[in-house]
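Novice: Structure provided below as C-alpha cells; questions to follow.
The values are calculated or read from the model by the stated rules, or taken from the named source; none is laboratory data. None of the values given here were measured: they were computed from a predicted structure. All Cβ positions, even for glycine, are placed from backbone atoms using ideal geometry, and neighbour counts span all protein chains on display.
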Amino acid sequence: MDVIAIYRLWKQQSAQGAIMKLSCDNWQSAVVSPETAVEKIRPGMRIFLGTAMAEPRTMVRHLMTSSAKNLEDLELLQLISFGDAVSLQAVCSENCRLKTFFSGWEANKAIAEGRADLIPSRHGKIGRLIQSRLIPVDVAIVQISPPDKAGFCNLGIAVDVAREAMTQASIRVGEINTRIPRTFGDTHVQLTDFDFLVHATEPPMYIDRSETDDCWNQVAQLVASLIEDKSCLSYSIGPFYDALAQHLTTKQDLGIHTPVFTDALMDLVKSGVVTNRFKYSYHGKSLTSYAIGTVQLLEWLDDNPHVEFRRIERVFDPWVIGQNPRFVTLVAANKVDLYGRIGLNGNNGILSNGTSDIMDFINGAELSEGGRTIFALRSRNENGEPNILPSLINDSNHYSTFESIGTVVTEYGFMNLEGCTVRERAQALIDIAHPDDRADLLEAARNRKIVYPNQIFKAECARLYPADITAAHTFRDDVQVRFRAIRPSDEEEMRHLFYRSSEQAIYLRYFQYLNSMPHTKIQEYINVDWNQVMSIVGVIGEEKKGKIIAEARYVKVPNSEFAEAVFWVDEAYQRHGIATFMYGMLIRIARQHGIKGFIADVMFDNNGMMRVFKKFGVMVKSHLEGRMYNLVIHFPEDNTGIFREVFP
C-alpha cells in the first residue's frame, strides 16, 4: 500500500472514530461547513446527488456557486433533476456537467441543447450499473435525518440508489436536514457511513398538489370505473393522479406499489381505501422509493409504518410487481397515435418522460394475475391541439412497443386495444378523440390505408354521441350486462353477433334470410345519425374482454311523433329479461326526446317479443297482416311503472 493510500485510510478511520462518539444530542459538534466537506474533491470527480425532494440543497448550492479551484470539470449524477439547486445556469458553465436518467422537468431543455447528458436505462438496473462501476461514483452527497439515540440516521424520502452510490464513493457527505421524516424500510444509515456531516440550512424542495380541471376529472372518473376492488396501483404526480384519487374513495382494499408516494395517496390511505390486504409482495405495506409532495405529506410520513421505502431495483422489479394480483399500471400520457403508440409526458410520467420507467411496470402488470395498464390523456392539450394523432413515428419520445398497450382513456370514453387489429385500434381511438378532430383522423387513416377506403363518418353527429346513456344490470343466472350507446368501433362485435345467430333469429330480426353481413352493410348500420336514431348495445364480460350480446334501437318516423323500435338479443341470452330492460331504457330516452310512442313489426309466432312490448303498462294496439303484427305503442303519462319494473 502506497503512502497516499495509507494516509487516506488513516484520515477515514480518524473521521469515523470521531463520528462513532456522536449521538442524537451531540451530532452538531461534528458538523463541518460545506467548504470543508468539499476540500477533498478534485477536478473531474463524479458526484452522486440525492434525488428530487431528497436533493441535498445546501451542499448542491455550494457546489454550484463556489469559485474554489478544485471544483472544476465535475460530473453530477442525479436520477431526477427538478432544476432547483442544480440549475440550468450552472450546467451551462464548464465547472460541471449533469448526467441524469431523467429527461423531464428542467433537465429536458438542457439535454435537448446538449448541455446535459441523458443516460438511457431501465430504472431497475441503475443500481447494478453503479455497483459494477459501469457508472463510477467518487463522491456521494445525500440528505439524511438527524441521528436517533442509537446513532442511526434515516434516508427519509428517497432511497433510490443512494446505498449503491455510498458504497462506491471514496468521499461520503451526509447533509442532515431536521425537516425530513424518519421513514420505514431500507432507510436506516449509520453516522459511521459518512466522512463528513453538513447541517442543511434550507428546507426540502416541497412540491404543491397539481391543479385539476373538469376535463381531467372526467378522465379520472372513467379510469376509476375500470379499477376493481382489491387492485394494486402504481401512481405518480400530476393533475390526472390528483383527480383520480378523488374518484377512488368508494373502492375497497386497494394496494399501493409505486415509485412515487404523493399527497393524493396519503389522502387515500387516510380514507381507509388503501389496506394492502391483498398484496402478495410487501403484504400490508404501501411500497415506494420516493416521496414527492407538500410539507403535510412529509409530516404524515414521519414514523409512519404504513409506507415502506425500498431501493428502486425492488420497486421496479417486474417479478416483484407481478406477484401482486390485479396490478394496475397507471400512466398519464401526452399523446397517442392511431396505431396505439403512446407519447409520454415531459414532466409527470411515473419518474421521467422516457420509456424506461414505464416498461418495468407494464411488464409487471402483464405478469400479474388480472393485471392491466391504463393510459390516460386529454383528447386535446391546453392549447386546443389534438392529442390523438395519425402517427407518432417521428416523435422521439414515444413508447413504441405498442403490442403492450392496453386501455386508452380520454374524457370521451375508454377503449381497450388488446387483441385489436391496427384498423380496429384506429377506429376505437377515433371514437374517443375530440369530436372536432374525428373527421380529420378518419381521413388520415384512409390515406394511410389502415381503415377501409370506403369507411364512412358522420361528422355532423360526432358531438351528439350520447355518452351519458349508460346502465348496468344483473339478470337471471347472474348474467351481468353493461349498456351504452353504439359506437362506430363496434363494427366487428356487431358482425360477430350476426354470425352467432341462427337463420331463424336473423329472419325474425330482418324479416328475410341473410347469409352475410359485410363491412359495407354493417357500417351503414352502426354509424348512427343521433338526430334520428337511438341505438343501445348490451355488453357482457370484463371491459377489456367484453362482447356485444344485444342491441335495441328506435328510428324516428318522418313527420310523426312516433319511432320504430327493433331489438336483437343473442340467442344464448334470451329469456333473461335483457330485451325488457332495454325496452324500458328506450322508452325513457324516447320520452325525453319528445317521442309519444313506438311502432313495431313482429312476426306472429315471435311470442317472446310480443310479451316484451306489453310490459310496463303501455297501451299496445296490434293489427295482423298475413304473418306480421303491426304494433302501435302509446307511452304512459309518466315513467313510474317503467322505473319500478326495470329497477326494482
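Novice: Got a sec? Which of Glu443, Glu551, Glu542 is closer than 27 Å to Gly419 by Cβ and surrounded by 16 or more Cβ atoms within 10 Å (Cβ to Cβ)? Quick ask: steps written out before the conclusion?
Specialist: Values: Glu443 fails: surrounded by 16 or more Cβ atoms within 10 Å (Cβ to Cβ); Glu542 fails: surrounded by 16 or more Cβ atoms within 10 Å (Cβ to Cβ).
Only one candidate qualifies: Glu551.
Novice: Right, another one. Among the residues of the range 531-579, which ones are under 14 Å from Val481 (Cα atoms), of a type outside the set (Asp, Glu) and assigned to a strand (DSSP E or B)?
Specialist: Matches in the range 531-579: Ile536, Val537, Gly538, Val539, Ile540, Lys547, Ile548, Ile549, Ala550, Ala552, Val569.
Novice: What residue, of Leu287, Leu297, is surrounded by 17 or more Cβ atoms within 10 Å (Cβ to Cβ), touching an Asp or Glu at 6+ places or on another chain (Cβ under 9 Å) and either of a type in the set (D, E, K, R) or part of a strand (DSSP E or B) (or both)? Let's see the steps before the verdict.
Specialist: On the way: Leu297 fails: either of a type in the set (D, E, K, R) or part of a strand (DSSP E or B) (or both).
Of Leu287, Leu297, the one residue that is surrounded by 17 or more Cβ atoms within 10 Å (Cβ to Cβ), touching an Asp or Glu at 6+ places or on another chain (Cβ under 9 Å) and either of a type in the set (D, E, K, R) or part of a strand (DSSP E or B) (or both) is Leu287.
Novice: Considering each residue of the range 357-412, count those that are among the charged types (D, E, K, R), assigned to a loop (DSSP other than H, G, I, E, B) and without any contact (Cβ under 8 Å) to a residue 24 or more places away in the chain, and give that number. Please lay out each step first, then the result.
Specialist: Within the range 357-412, the first condition is being among the charged types (D, E, K, R), and the residues that meet it are 357, 360, 366, 369, 372, 378, 380, 382, 385, 395, 403, 411.
Applying the additional criterion that residues be assigned to a loop (DSSP other than H, G, I, E, B) yields 369, 378, 382, 385, 395, 411.
This time we only want the ones that are without any contact (Cβ under 8 Å) to a residue 24 or more places away in the chain, so: 382, 385.
Total meeting the criteria: 2.
Novice: If you go through the range 592-612, how many residues are under 26 Å from Trp530 (Cα atoms) and touching a residue at least 40 places away in the same chain (Cβ under 8 Å)?
Specialist: Step one: of the range 592-612, the residues under 26 Å from Trp530 (Cα atoms) are 592-602, 609, 612.
Narrowing further to those that are touching a residue at least 40 places away in the same chain (Cβ under 8 Å): 593, 595, 598-599, 601, 609, 612.
Summing the residues that are under 26 Å from Trp530 (Cα atoms) and touching a residue at least 40 places away in the same chain (Cβ under 8 Å) in the range 592-612 gives 7.
Novice: Same structure, new question: What residue, of Gly419, Gly413, is surrounded by 17 or more Cβ atoms within 10 Å (Cβ to Cβ) and out of contact with any Phe, Trp or Tyr (no Cβ under 8 Å at 6 or more places or on another chain)?
Specialist: Working: Gly419 fails: surrounded by 17 or more Cβ atoms within 10 Å (Cβ to Cβ).
That would be Gly413, the only listed residue that is surrounded by 17 or more Cβ atoms within 10 Å (Cβ to Cβ) and out of contact with any Phe, Trp or Tyr (no Cβ under 8 Å at 6 or more places or on another chain).
Novice: In addition: Whether any residue in the range 441-458 is on the phi > 0 side of the Ramachandran plot and modelled with pLDDT under 90 is what I want to check. Don't jump to the end; show me each part of the working.
Specialist: First, the residues of the range 441-458 that are on the phi > 0 side of the Ramachandran plot: 449.
Right, trim to modelled with pLDDT under 90 and you get none.
Checked against the condition, which is being on the phi > 0 side of the Ramachandran plot and modelled with pLDDT under 90, the range 441-458 yields no hits at all.
Novice: Name the residues in the range 478-508 that are at pLDDT below 90 and charged (D, E, K, R), would you?
Specialist: Glu503
Novice: Sticking with this one: Just checking, which of Phe278, Phe327 is free of Cβ contacts under 8 Å to residues at least 60 places away in the same chain, of a type in the set (Phe, Trp, Tyr) and touching a strand residue (DSSP E or B) at 6+ places or on another chain (Cβ under 7 Å)?
Specialist: Values: Phe327 fails: free of Cβ contacts under 8 Å to residues at least 60 places away in the same chain.
Result: Phe278 is the single residue among Phe278, Phe327 that is free of Cβ contacts under 8 Å to residues at least 60 places away in the same chain, of a type in the set (Phe, Trp, Tyr) and touching a strand residue (DSSP E or B) at 6+ places or on another chain (Cβ under 7 Å).
Novice: Can you name the number of the only condition in (1) surrounded by fewer than 20 Cβ atoms within 10 Å (Cβ to Cβ); (2) under 23 Å from Tyr235 (Cβ atoms) that Pro453 fails?
Specialist: (2)
Novice: Sort out which residues of the range 465-503 are part of a helix (DSSP H, G or I) and loosely packed, with under 13 Cβ neighbours inside 10 Å, and write them in order of number.
Specialist: Step one: of the range 465-503, the residues part of a helix (DSSP H, G or I) are 476-478, 488-500, 503.
Passing the criteria: Arg476, Asp477, Asp478, Tyr499, Glu503.
Novice: Could you please give the count of residues in the range 504-530 that are in a helix (DSSP H, G or I), under 21 Å from Tyr583 (Cα atoms) and either in contact (Cβ under 8 Å) with a residue 40 or more places away in the chain or of a type outside the set (Val, Ile, Thr) (or both)?
Specialist: Of the residues in the range 504-530, the ones in a helix (DSSP H, G or I) are 504-510, 519-526.
Add one more test, that the residue is under 21 Å from Tyr583 (Cα atoms), and what stays is 505-510, 525-526.
Restricting the remaining residues to those that are either in contact (Cβ under 8 Å) with a residue 40 or more places away in the chain or of a type outside the set (Val, Ile, Thr) (or both) gives 505, 507-510, 525-526.
Result for the range 504-530: 7.
Novice: Follow-up question, since we're still on this one. When the residues of the range 135-153 are filtered to those that are outside any loop (DSSP other than H, G, I, E, B) and either at pLDDT below 90 or crowded, with 23+ Cβ neighbours inside 10 Å (or both), which remaining residue is farthest from the chain's Cα centre (by Cα)? It would help to see each step written out before you state the result.
Specialist: Quick first cut of the range 135-153, residues outside any loop (DSSP other than H, G, I, E, B) only: 139-144, 152-153.
Those left that are additionally either at pLDDT below 90 or crowded, with 23+ Cβ neighbours inside 10 Å (or both): 139-144, 153.
On the way: Val139: 36, Ala140: 34, Ile141: 33, Val142: 31, Gln143: 30, Ile144: 32, Cys153: 35 Å.
Looking at residues that are outside any loop (DSSP other than H, G, I, E, B) and either at pLDDT below 90 or crowded, with 23+ Cβ neighbours inside 10 Å (or both), I get Val139.
Novice: Now a separate question. Does Val331 meet the test of being assigned to a strand (DSSP E or B) and β-branched (Val, Ile, Thr)? I'd like the intermediate steps shown before the answer.
Specialist: On the way: assigned to a strand (DSSP E or B): yes; β-branched (Val, Ile, Thr): yes.
Here the answer is yes, as Val331 does meet what is asked.
Novice: Only one of these is acidic (Asp, Glu), more than 30 Å from Arg482 (Cα to Cα) and at pLDDT below 95: Asp208, Asp263, Asp213. Name it. First the steps, then the outcome.
Specialist: Working: Asp263 fails: at pLDDT below 95; Asp213 fails: more than 30 Å from Arg482 (Cα to Cα).
Asp208 is the lone residue from the list that is acidic (Asp, Glu), more than 30 Å from Arg482 (Cα to Cα) and at pLDDT below 95.
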